[in-house]
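This report concerns only the one structure given below.
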Amino acid sequence: MNRPWWQGAVVYQIYPRSFASSNGSGIGDLEGIRRRLDHLAWLGVDAIWLSPFYRSPMADYGYDVSDFCDVDPMFGDLDAFDRLLSDCHERGLKVVVDWVPNHTSDRHPWFEAARSDRDGPKRSWYVWRDPNPDGSPPNNWVASFDTTSPAWTLDEASGQWYLHLFLPEQPDLNWDEPEVEAAMHDTLRFWLDRGVDGFRMDVLHAIGKHPDLPDDPPEYLPIPHSALNHVPEVTLPRVRALRRLLDGYDGDRMMIGEVYLLDTSMVAEYYAGGEGLHLSFNFPPLYAPWDAGAWRHRIDEVATMIDPVGWPTWVLSNHDNPRHRTRYGSEARARAAAFLLLGLRGTPFLYAGEELGLEDAEVPPDRVLDPGGRDGCRAPIPWTPVDGHGWAVEDAWLPWPPGADRGVDAETLRRDPDSILALYRRLLAARRGSSALRFGAQRLIDTPDGALAWERTDGDDRRIVAVNFSGRAVPVDLGEEAVVVVASDGIDEGLPFDGVLRPELGIVLRPSG
Ligand code: GLC
């Protein structure tokens with residue numbers, strides 16, 4: 001059966017500032033990524049997603065874009081991008097780039113033009129409103145990152161407020177203006193023509209706002225993103241238009257939306273019956289605690305809400321949240337969690353460094369940078385035990401993650417067959433070697449409390465995956481013999497399964513009966 005690449009792929013997220021540097025600046029760059037592609041090939045992932053590397057004043061570390069069609073000099077230039085892209089393609093790695101359609105930087109020429117001329121042609125490209133009669137902002141929406149402030153900033157010169165769901169430096173584009181949609185489509189074409197394989201679309205649901213911009217009901221406040229009303233009748237036509245644009249290109253170009261609605265049934269709507277997103281992030285599992293019941297609930301939701309309409313995705317960590325190694329509190333749990341990420345039906349998104357078992361860095365108050373408090377998960381990747389961990393500097397833009405001076409680095413872990421890195425590699429290989437794991441149907445198996453087990457089946461190929469969330473051994477009755485393919489503690493691989501899940505164990509089994 002001919003399946004699109006993104007169904008079988010494991011996507012590896014790279015946050016360019018933190019991945020690898022080629023020039024000793026303490027900040028990662030595109031050439032640095034290119035020189036580390038061996039790591040990814042050795043690990044066995046299929047695609048990379050690059051967080052923004054576009055021209056940006058870096059108020060939101062690149063998610064405030066001042067030119068969608070150029071590389072920020074900090075990260076290199078378009079030639080460096082082309083080299084990276086072609087090296088990836090030579091190795092069979094797909095390349096997905098970030099696309100930030102909801103807002104620009106306040107220093108983007110579009111916004112500068114809009115702000116400086118109330119009657120000019122670019123004014124309508126952003127969302128401007130007069131103040132209320134009492135001078136207050138046009139509605140009660142609050143800004144993400146600082147929910148004590150309105151999502152509006154007053155432009156003194158014109159007396160009007162402009163909308164920004166994020167920082168004041170990130171004015172929202174007005175997608176009701178057809179010229180905006182056309183201009184943003186052009187930015188996609190720019191990268192498609194260069195040969196990228198897809199886009200991760202930042203806060204995509206936010207491009208379709210209710211035309212009246214109504215007040216949020218009081219019960220929403222002060223939850224960040226509450227202003228991002230879910231208005232499918234406005235958003236979905238825009239999502240379908242994006243899909244048609246991608247479909248006009250050869251080679252299965254893919255779009256995955258960051259649909260930051262913490263409700264799986266709403267996320268499912270963005271697949272638009274096969275005419276919308278190919279993939280969507282679904283964050284409720286990321287926020288689930290380390291608990292079998294909580295995970296079972298999230299897995300059921302995906303099976304009943306996403307599976308009927310599209311292909312699911314799984315993600316445990318990214319550049320916006322504490323790493324799951326930190327959230328779950330131990331390496332044993334992080335190892336077992338990898339069996340959820342890579343064993344459940346759907347496309348996994350693996351955040352650079354999770355394969356090293358990285359914890360969030362402790363960031364002392366005088367080194368805090370991010371207005372959203374997300375520095376910890378963005379700590380630079382330690383590549384080597386010495387020499388500035390491969391960065392050729394004593395200190396990079398953020399502190400190193402814990403343990404970087406005690407063997408938590410890619411080079412040291414790679415030499416250790418029992419490391420979490422070696423486990424990720426075995427698990428990725430097991431996945432690549434089994435169409436059941438990559439594409440198979442999924443059925444939950446009855447297990448005692450504290451553990452989850454599920455069967456994956458594709459034709460004759462079958463695997464069973466199990467995760468014991470609890471701190472005690474849990475017996476499981478599979479009703480058949482099975483061989484251990486991969487175990488999170490490395491024990492018994494290649495041997496018959498003895499029917500007991502050790503505490504906080506993840507395991508892949510191959511029925512052998
Ligand atoms: C998304 C990004 C986040 C960024 C925000 C605004 O949530 O993942 O990093 O700050 O959008 O662009």
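The values are calculated or read from the model by the stated rules, or taken from the named source; none is laboratory data. As the structure is a computational prediction, the values presented were derived from the model and not from experiment. All Cβ positions, even for glycine, are placed from backbone atoms using ideal geometry, and neighbour counts span all protein chains on display. Just the protein is used for accessible areas: all its heavy atoms, side chains included, with ligands, DNA and RNA removed. Shrake-Rupley method; radii C 1.70, N 1.55, O 1.52, S 1.80 Å.
Annotations
- Screening Asp366 against (1) away from the ligand (no atom under 16 Å from the Cβ); (2) under 29 Å from Asn23 (Cβ atoms); (3) part of a loop (DSSP other than H, G, I, E, B); (4) open to solvent by 10 Å² or more (accessible area, probe 1.4 Å) leaves a single unmet condition, (3).
- Residue match in segment 336-349 (condition: surrounded by fewer than 23 Cβ atoms within 10 Å (Cβ to Cβ) and over 24 Å from Ile445 (Cα atoms)): no
- Residue satisfying condition, being open to solvent by 50 Å² or more (accessible area, probe 1.4 Å) and either at pLDDT below 95 or of a type outside the set (Phe, Trp, Tyr) (or both), within set Arg129, Arg123: Arg129
- Restricting attention to segment 260-292 and to residues that are open to solvent by 50 Å² or more (accessible area, probe 1.4 Å) and in a helix (DSSP H, G or I), the residue that is farthest from the ligand (Cβ to nearest atom) turns out to be Gly273.
- Pairs where the first residue, in segment 88-104, is assigned by TED's automatic domain parsing to the domain that holds Cys69 and open to solvent by 10 Å² or more (accessible area, probe 1.4 Å) and the second is away from the ligand (no atom under 14 Å from the Cβ) and in a loop (DSSP other than H, G, I, E, B), C-beta under 6 Å, 6+ apart: Lys94/Asp197
- Of all residues in segment 162-184, those that are closer than 22 Å to Pro138 by Cα and open to solvent by 20 Å² or more (accessible area, probe 1.4 Å) have Cβ atoms under 6 Å from Cβ atoms of residues that are part of a loop (DSSP other than H, G, I, E, B) and more than 15 Å from the ligand (Cβ to nearest atom), 6 or more apart or on another chain, in Asn174/Val127.
- Of all residue pairs spaced 6 or more apart or on separate chains, those with beta-carbon atoms under 8 Å, a first member in segment 120-136 that is free of Cβ contacts under 8 Å to residues at least 24 places away in the same chain and a second member that is in a loop (DSSP other than H, G, I, E, B) are Arg123/Asp117; Asn132/Pro138.
- In segment 139-158, of all residues being away from the ligand (no atom under 15 Å from the Cβ), open to solvent by 30 Å² or more (accessible area, probe 1.4 Å) and not aliphatic (A, V, I, L, M), the one that is farthest from Tyr126 (Cα to Cα) corresponds to Thr148.
- Candidates in segment 38-59 are the residues that are touching a strand residue (DSSP E or B) at 6+ places or on another chain (Cβ under 9 Å) and aliphatic (A, V, I, L, M); of these, the one that is farthest from Ser105 (Cα to Cα) is Leu43.
- Extreme residue, nearest to the ligand (Cβ to nearest atom), among residues of segment 32-65 that are basic (Lys, Arg) and either free of Cβ contacts under 8 Å to residues at least 60 places away in the same chain or in contact with a helix residue (DSSP H, G or I) (Cβ under 6 Å, 6 or more places away or on another chain) (or both): Arg55
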